[in-house]
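The values are calculated or read from the model by the stated rules, or taken from the named source; none is laboratory data. Quick caveat: nothing in here was measured; it's all calculated off a predicted structure. Note that we place each Cβ from the backbone using ideal geometry, even for glycine, and neighbour counts take in every protein chain shown. Each accessible area value is taken on the protein alone, full model and side chains, heavy atoms only, with ligands, DNA and RNA left out. Shrake-Rupley method; radii C 1.70, N 1.55, O 1.52, S 1.80 Å.
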Amino acid sequence: GDLVDRDLLELDDHEHHFESGESGASKTYPKQCSGLRKNDFVILKGRPCKVVEMSTSKTGKHGHAKVHMVGLDIFTNKKYEDICPSTHNMECPFVKRKDYELLSIEDDGYVSLFDPDTMGTKEDLKLPEGDLGQQIRDAFEKDETGILCTVIASMDEEVIIAQKNKPKDQ
């Protein structure tokens, strides 16, 4: 599996390993459970979640404090819960936010987005389900020249989480 390859890489060529680790391998970083706060991102049950509730409880006289965490999957909004000792390290996902300009909305729900960094287009995302998708559609029909979609990316997934009007002076 994964581990064997990594060992080989490490023996093989240390610097190369470091480079490849930079871009792809590290999708998460550890953070102590007690250091997490509401609205932080954390991995619960293998999914990147935003913490919406946290409570700490002491277990008995000599027990460790336990942290009860409720998070919403940042892609599906599904609710996940976990309880872990406060001294325990949790995996936290790296989450990137980026604004793209909306160029078009296809009939099948896919959108064409302009990427200001690469000056290219991004066409692999769909409009979100529900209200947000409808808002984006409505806004776009009213004003085709200036809608920005905020996309968050984490753990090799991406989703549109918000839309706003482009500042007029750009």
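Per-structure values
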quantity: Residue, modelled with the lowest pLDDT, within segment 15-28, restricted to residues that are surrounded by 11 or more Cβ atoms within 10 Å (Cβ to Cβ) and not in a helix (DSSP H, G or I); calculated: LYS27
quantity: Tabulated pairs, segment 131-147, first aliphatic (A, V, I, L, M), second at pLDDT below 90 and open to solvent by 70 Å² or more (accessible area, probe 1.4 Å), C-beta under 9 angstrom, 6+ apart or interchain; calculated: ALA139/ASN165; ILE147/ASN165
quantity: Candidate set from segment 44-86 (those that are out of contact with any strand residue (DSSP E or B) (no Cβ under 8 Å at 6 or more places or on another chain) and over 16 Å from SER154 (Cβ atoms)); member that is surrounded by the most Cβ atoms within 10 Å (Cβ to Cβ); calculated: GLY63
quantity: Residue pairs meeting the criteria (Cβ under 6 Å; at least 6 apart or on separate chains; first more than 10 Å from ARG97 (Cβ to Cβ), in segment 152-168; second open to solvent by 60 Å² or more (accessible area, probe 1.4 Å)); calculated: MET155/LYS27
quantity: Unmet requirement for VAL111, which otherwise passes all of (1) in contact with a strand residue (DSSP E or B) (Cβ under 9 Å, 6 or more places away or on another chain); (2) under 25 Å from CYS49 (Cβ atoms); (3) assigned to a helix (DSSP H, G or I); calculated: (3)
quantity: Selection count where residues are of a type in the set (A, V, I, L, M, F, W, C), open to solvent by less than 40 Å² (accessible area, probe 1.4 Å) and in a strand (DSSP E or B), scope segment 114-157; calculated: 7
